[in-house]
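The values are calculated or read from the model by the stated rules, or taken from the named source; none is laboratory data. Remember, it's a predicted structure, so these values are computed and weren't measured experimentally. No Cβ is skipped: glycine too gets one built from the backbone with ideal geometry, and neighbour counts run over all protein chains shown. These area figures cover heavy atoms from the full protein model, side chains too; ligands, DNA and RNA do not enter into them. Shrake-Rupley method; radii C 1.70, N 1.55, O 1.52, S 1.80 Å.
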Amino acid sequence: MAIKVGLVSLGCEKNLVDSERMLHKLRAHGYELVTEFGESDVAVVNTCGFIQSAKEEAIETILEIAKLKEEGRVKKLILTGCLTERYKEEAAAEFPEADAVIGIGDNKDIVDILDKVLHGERIVRFSPKMDVELSGERILSTLPFFSYLKISEGCSNCCTYCAIPMIRGKYRSTPMEQLLDEANWMAENGVTELNIIAQDTTRYGEDLYGENKLCELLHKLCQIEKLRWIRVLYCYPERITDELIETIANEPKIVKYLDMPIQHCNDDILKRMNRPSTKAKLYEVIRKLRTAMPDIVLRTTLITGFPGETEEQFEELCKFTQDIMFTRLGCFAYSQEDGTKAGAFPDQLDDEVKQHRADVIMEQQMHISYDYNMRQLDTVKTAVVEGFDKWAECYFGRTAADAPDIDGKVFFSSERKLAVGEYVTIRINDMLDYDLLGEVIEDESAE
Ligand code: SF4
């Protein structure tokens, strides 16, 4: 009887891609993959560990499964991912219940490690993080029509508040031919929406080819016939070139959506974050984007309460986001992380102040999102079907303006039965704070 393995993937989509590669290896080696831990022999936890809240979620998940192990419902527990990579031996000591505690450089050997664990060994191993596989076969765990293409590993930007470079290592681009093979394989297996991800997608190729190759990669991805939507996430503002703006504007398959985390707008704060942006440069790149694509959907991420952030600097951030009116925005209270430069800065703020400022920004953003949704009323859009909501008795899905898992949805009625992954034309006739409502119309002239 096949040994049942359950895997939980915490954190970001980049970690999810790592999980999908481990799932493929496990199944290829004859392990049966299950989705419920209560019925698995082996539990693998691919942890996240870059900020306090993520670490707490990982620890909670591990302790939950350790309890199942105590009850004999799970026999073996394997821990990997950013939390174990960051804390290594400390993590191994912290979780004696775990039969294996490994680093991200060991994910490629998950089968060998599981074999040893099943023979009663306890494995504590942290291979060089540079050993992380940059590509590989996957079992797609998202809805069948969309997925992620992770184009590189690590980060070399070294923002002072960020633990990722010390966890994932310096920036390594995946060779383009491997990415195109992976994208073709996904397209041949039903993926029509491809989300391009990395810690910094806009640095692609510079390490490997000595020049930026993101635009070339995007043009080649657009030639994959079965792909319909290509979305670029995690763009570093300073690396958004005129060529990239043109590429996004002129390639019909690339959705007019850009995720561009800016973190702040005050020049002094940006400098202390070790981000080469300035407020003037941010205004300029956003002006260029909106000149080339007036309806572009701009998403960003902000940090409030960075050490030393004054009330005036915070007011400046509020005024900047009110002025720019990002379509989508996420805001995090600064997390003081051990091992980071900013973590040792003297002028740390109280958690309440940090969180209050994040709440103020999100309150402001709710109104901006509402106004944006108001402007969508009575427009006709293309949406991809994600499912049927039995409670609301209607279908739900996303338009090109909605990235998976982080943005809103559109809920819509249809006279005919729809399939998951189908692209339909919708007239928007109502709205909520972050979501849109509509009905399917049989008319191809959608946005
Ligand atoms: S760009 Fe900055 S915040 Fe993003 S992963 Fe790299 S170091 Fe961290």
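Kindly rank 169-180, 361-372, 327-338 from highest to lowest mean number of other beta carbons found within 10 Å of each residue.
Going by the mean number of other Cβ atoms within 10 Å, highest first, we get 327-338, 169-180, 361-372.
In cubic angstrom, how much convex hull volume per residue do the alpha carbon atoms of the stretch 380-441 span?
Considering the Cα atoms of the stretch 380-441, their hull volume per residue is 82 Å³.
Using just the helices of the chain, give the 222 nm mean residue ellipticity in deg cm²/dmol: DSSP H runs with n ≥ 4 each add -39,500 (n - 2.57), and the total is spread over all residues, rounded to 500. Provide the component values of the computation, followed by the final result.
On the way: 13 runs with 157 residues, N = 447.
Result for the chain: -11000 deg cm²/dmol, rounded to the nearest 500.
Heavy atoms only, probe 1.4 Å: what % of the accessible area of the stretch 4-131 goes to carbon and sulfur, would you let me know?
Values: 2720 of 5320 Å².
So the carbon and sulfur contribution to the accessible surface is 51 percent.
Please compute the Kirkwood hydrodynamic radius of the stretch 4-131 from all pairs of different C-alpha atoms, in Å with one decimal. Spell out each step's value before the answer.
Values: mean 1/r = 0.0707 Å⁻¹.
14.2 Å is the Kirkwood radius here.
Taking 8 Å as the Cα distance limit and 6 or more residues as the minimum spacing, I'd like the relative contact order of the stretch 380-441 as a percentage.
Relative contact order, the stretch 380-441: 35 percent.
Filter the cross-link list 25/390; 319/409; 150/390; 88/226; 55/271 down to pairs whose alpha-carbon distance in this structure exceeds 32 Å.
25/390; 150/390; 88/226
Please get the size of the charge dipole for the stretch 118-168, origin at its Cα centre, with Cβ charges of +1 on Lys and Arg and -1 on Asp and Glu, quoted in debye to the nearest 20.
In debye, rounded to 20, the stretch 118-168 gives about 140.
State the dimensionless ratio Rg/Rh of the stretch 88-247 (Rg: radius of gyration of Cα atoms; Rh: Kirkwood radius).
Rounded to two decimals, Rg over Rh is 1.03.
Among 366, 308, 258, flag the residue with its Cα farthest along the positive direction of the charge dipole of the stretch 146-375, charges on Cβ as +1 for Lys/Arg and -1 for Asp/Glu.
The residue sitting farthest along the positive end of the dipole is 258.
Just the accessible area per residue of the stretch 146-375, please: how many Å² with a 1.4 Å probe?
Solvent-accessible surface per residue comes out at 40 Å².
Could you provide, to the nearest whole Å², the per residue accessible area of the stretch 380-441 with probe 1.4 Å? Spell out each step's value before the answer.
Working: 2900 Å² over 62 residues.
It amounts to 47 Å² per residue over the stretch 380-441.
How would the stretch 246-361 be classified by its alpha-carbon gyration tensor: rounded, prolate or oblate, with rounded meaning a/c under 1.5 and the a/b versus b/c comparison settling the rest?
prolate
What do you get for GluC sites (Glu not before Pro) in the stretch 50-100 restricted to DSSP loop and a cutoff of at most 13 other Cβ within 10 Å of the site's Cβ?
71
Relative contact order for the chain: what is it in percent, counting Cα pairs under 8 Å that are at least 6 residues apart?
Once divided by the residue count of the chain, the mean separation gives 9 percent.
Size of the dipole of the stretch 247-348 about the Cα centre, Lys and Arg at +1 and Asp and Glu at -1 on the beta carbon, nothing else charged, in debye to 20?
Computed about the Cα centre, the dipole is about 620 debye.
Which FRET efficiency value, to the nearest 0.05, is calculated for residue 177 and residue 112 with the Förster distance at 30 angstrom and r the Cβ-Cβ distance?
0.65
Reported to two decimal places, what Rg/Rh ratio describes the chain when computed on Cα atoms with Rh from the Kirkwood expression? Before the final figure, lay out the partial values.
Working: Rg = 22.4 Å, Rh = 23.3 Å.
That ratio is 0.96, to two decimals.
Give me the extension gain from residue 170 to residue 137: residue separation times 0.36 nm, minus the current Cα-Cα distance, reported in nm with one decimal.
Extending this stretch completely gives an extra 9.6 nm.
What FRET efficiency, computed as 1/(1 + (r/R0)^6) with R0 = 30 Å and r the Cβ-Cβ distance, is obtained for residue 226 and residue 32, rounded to the nearest 0.05? Don't skip to the end; give the middle numbers.
Values: r = 30 Å, r/R0 = 1.00.
With R0 = 30 Å, the Cβ-Cβ based efficiency is 0.50.
Pulled fully out, how much extra length does the chain show between residue 90 and residue 274, if you take 0.36 nm times their separation in residues and subtract their Cα-Cα distance?
Full-extension gain reported as 63.3 nm.
Using the Cα gyration tensor of the stretch 336-447, with a ≥ b ≥ c the square roots of its eigenvalues, what is the shape: rounded (a/c below 1.5), prolate (a/b larger than b/c) or oblate (neither)?
prolate
Would you work out the charge dipole size for the chain about its Cα centre, treating the Cβ of every Lys and Arg as +1 and the Cβ of every Asp and Glu as -1, and quote it to the nearest 20 debye?
On the way: 54 positive and 81 negative charges, 178 e Å.
Dipole of the chain, to the nearest 20 debye: 860 debye.
Just the number please: accessible area per residue for the stretch 4-131, 1.4 Å probe, all protein chains included, in Å².
Heavy-atom accessible area per residue stands at 42 Å².
Could you order peptides 17-24, 262-269 by the average number of other Cβ atoms within 10 Å of their residues, highest first? Please list the in-between numbers first.
Details: 17-24: 22.6, 262-269: 20.8.
Result, highest mean Cβ count within 10 Å first: 17-24, 262-269.
So for the chain: antiparallel DSSP bridges make up what percent, rounded to the nearest 5?
Approximately 30 percent, going by the DSSP bridge assignments.
Highest mean first, what order results for 375-385, 141-151 on Cβ atoms within 10 Å? All intermediate terms of the calculation are to be shown ahead of the outcome.
Numbers: 375-385: 17.3, 141-151: 21.2.
My ranking of the peptides, most packed first, is 141-151, 375-385.
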